[in-house]
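So the structure is just underneath, and the comments pick up after that.
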Amino acid sequence: MDIVHTLSDLPPWVFFALLVFVACAAILARGLPWNIGRVHYVREPTLFSATEWAFLRALDQAVDGRYRVFGKVRVADVMNPGNRTKVGNKRWWSEFTKISSKHVDFVLVDPRTCEIVAAIEVDDRSHQRGDRATRDAFLDRAFQDAGIPLIRYPAKGRGGYKVHEIRPALDAALKLAYGEYA
């Protein structure tokens with residue numbers, strides 16, 4: 001039996017369906033649909049911006065081993081909305097969602113216990129925008145509610161951070177939050 005003769009005997013819709021199937025199989029074999037709409041992730045060149053990196057280097061010296069410094073910490077890793085049963089599960093998730101995608105620039109912890117001591121935000125010009133001001137006000141309230149000092153330090157650029165300026169500002173903020181034993 002001749003294959004050409006067999007294909008010509010098929011109803012037109014079957015022949016068309018067969019052509020569509022073969023075309024789709026060819027496209028799938030090439031892998032095109034796997035890439036359509038797929039996001040390709042790329043590496044960030046550095047973890048911190050130049051300003052954050054400059055501040056971190058000065059901050060490490062300013063804390064002088066009294067604290068460990070962690071950077072780019074998710075707010076939900078340092079606080080949560082409280083007791084789920086007391087708050088209500090749906091409301092708890094709603095409040096958790098508000099903090100789960102926010103980060104602070106740095107968190108100081110006690111090097112012996114890993115207890116959270118304070119959080120630090122380096123505020124650049126973007127913090128003057130309306131949306132950022134709203135975000136900052138929300139974080140200020142949340143950190144105050146959680147009893148964690150949130151220290152705001154003005155951005156100064158790459159070379160503008162001085163250890164002898166950061167240390168007393170840090171000590172004053174921690175003394176205010178914890179008393180004489182900071």
Could you tell me whether the stretch 74-83 includes any residue that is within 26 Å of Glu165 (Cβ to Cβ), in contact (Cβ under 8 Å) with a residue 40 or more places away in the chain and out of contact with any helix residue (DSSP H, G or I) (no Cβ under 9 Å at 6 or more places or on another chain)? no
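Matching residues to (1) within 24 Å of Asp136 (Cβ to Cβ); (2) over 19 Å from the mean Cα position of the chain (by Cα):
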| position | (1), (2) |
| --- | --- |
| Val39 | no, no |
| Glu52 | yes, no |
| Ala58 | yes, yes |
| Val63 | yes, yes |
Per the list (1) modelled with pLDDT under 90; (2) closer than 30 Å to Asp123 by Cβ, residue check on Phe15 breaks on (2)
Take Phe106 and decide whether it is within 25 Å of Leu174 (Cα to Cα) and aromatic (Phe, Trp, Tyr). yes
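The values are calculated or read from the model by the stated rules, or taken from the named source; none is laboratory data. From a predicted model like this one, the values you see are computed outputs, not experimental measurements. Every residue, glycine among them, receives a Cβ derived from its backbone with ideal geometry; neighbour counts consider all protein chains shown.
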